[in-house]
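Working notes, beginning with the structure itself.
The values are calculated or read from the model by the stated rules, or taken from the named source; none is laboratory data. Since we're looking at a predicted model, the values are computed, not measured. Cβ placement follows ideal geometry from the backbone for every residue including glycine, while neighbour counts extend to all protein chains displayed. Surface accessibility is based on the protein's heavy atoms, side chains included, excluding ligands, DNA and RNA. Shrake-Rupley method; radii C 1.70, N 1.55, O 1.52, S 1.80 Å.
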Amino acid sequence: MCGGPAPRKCCTPRGTFSVPLPHFVVQTILLVVIILTNSLVIMVTILDKELHTVPNIGISSLALADLLLAIAWFIIQLLVFRHSISLTGIDRNLRHIQDLAFVFEMSVILHILCITIDRYIAMVHPLYHYKVFNYNTFSTWKVVALCVSVWAAAAFLAYTRRFSKEWTYCYMSVVMNMMRTILPLMVTAVLNIIIFITIRNKTLLRVTMEAQVSTTLDNPSNNPSKHNMFLRNWKAFKTISLILISIVLSYVPLSLITMVSVCGAMPGLYERMSNYIVLLKFLNSITNPTIYMLTTRQFKHSVKTYLGQDRLTLHSADRNTNHDSREAGGRKISLTASTSC
């Protein structure tokens with residue numbers, strides 16, 4: 001798009017969009033890493049029943065969105081790299097690939113919002129959260145259904161680009177980008193701040209109560225279950241906060257650049273920054289699963305368990321093969337000896 005203050009058509013002559021070879025090579029390498037990391041998150045979450053909780057299933061669904069987002073944008077970049085023109089300039093039917101990429105982008109934003117809402121309820125209203133999610137009234141399939149509804153909402157919001165005229169009208173670009181990106185991320189950030197304040201207040205209260213108990217009793221009573229629950233909530237908060245920071249750094253600049261370009265303040269800015277925008281999306285798709293893998297103890301334990309089982313299986317298979325070969329060799333020797341006798 002060329003930018004301009006008046007309603008206009010998107011004008012993208014040949015050469016406006018192009019992907020230099022270094023960018024394409026880096027994106028190819030990043031795509032491989034994205035496939036490996038996000039596939040690992042999805043696979044381990046499916047295999048380990050201990051990870052079948054609302055936050056973990058939500059993050060695995062987020063990993064699926066990151067994976068599909070990277071694949072869709074890589075296809076777009078591959079076509080642009082080959083033809084040096086925008087996707088619709090090659091074939092208007094290819095715009096469906098771009099629509100899917102927008103769906104995956106919107107899904108990433110909505111997933112982190114829903115995961116944060118779950119943690120907010122767990123911290124601010126723990127009894128209600130326990131009744132809903134821990135009394136076997138909220139099964140894994142209901143969590144999956146919730147993730148599907150998030151995907152459906154993401155698809156609707158993404159396809160509003162088709163009829164909102166946000167690529168031609170400045171005010172529509174501002175409204176739609178604020179509604180789809182800025183507002184959900186602001187709500188997510190505010191909820192994380194409330195979660196942090198709640199955790200801090202509960203920590204101070206816990207320390208005060210333990211100090212009072214220790215002064216009145218020689219052997220203070222401690223509730224390890226509450227302490228473990230507090231630690232899990234704190235670790236979940238750190239994981240979600242780091243992922244949120246990564247998403248904000250990747251998607252807020254995109255919305256700002258889009259609004260500035262459509263409103264004509266800096267014509268051609270979107271076209272010049274398009275390759276860097278895609279790189280930010282790719283880096284975010286790597287950062288999200290990496291943060292989850294590094295900050296979730298249960299996930300790391302599951303990876304070690306399954307990888308250890310694979311090594312033990314391979315080792316036992318090799319040992320059985322060697323044992324069978326030794327037995328076969330022994331039988332062959334005895335038969336030969338009996339024949340010679």
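Being modelled with pLDDT under 90 and open to solvent by 50 Å² or more (accessible area, probe 1.4 Å) narrows it down to one of 133, 156, so name that one. Spell out the reasoning first.
Values: 156 fails: modelled with pLDDT under 90.
133 is the lone residue from the list that is modelled with pLDDT under 90 and open to solvent by 50 Å² or more (accessible area, probe 1.4 Å).
Quick one: residue 288 ticks every box in (1) assigned to a helix (DSSP H, G or I); (2) at pLDDT below 85 bar one, so which box is it?
The single condition residue 288 does not satisfy is (2).
Of the residues 115, 85, only one is open to solvent by less than 40 Å² (accessible area, probe 1.4 Å), touching a residue at least 24 places away in the same chain (Cβ under 8 Å) and part of a loop (DSSP other than H, G, I, E, B); which? Spell out how you get there, then give the answer.
Numbers: 115 fails: part of a loop (DSSP other than H, G, I, E, B).
Only one candidate qualifies: 85.
Would you check if residue 261 is buried (at least 22 other Cβ atoms within 10 Å of the Cβ) and touching a helix residue (DSSP H, G or I) at 6+ places or on another chain (Cβ under 6 Å)?
yes
Inside region 61-81, can you point out the residues that are open to solvent by 20 Å² or more (accessible area, probe 1.4 Å), touching a Leu at 6+ places or on another chain (Cβ under 9 Å) and farther than 21 Å from residue 20 by Cα?
Listed by number, the list holds a single entry, 68.
Considering 224, 220, which residue is at pLDDT below 80 and touching an Asp or Glu at 6+ places or on another chain (Cβ under 8 Å)?
Exactly one residue qualifies, and that residue is 220.
Suppose we keep only residues that are at pLDDT below 90 and among the β-branched types (Val, Ile, Thr) within region 161-193. Which one would you say is most open to solvent (accessible area, probe 1.4 Å)?
193
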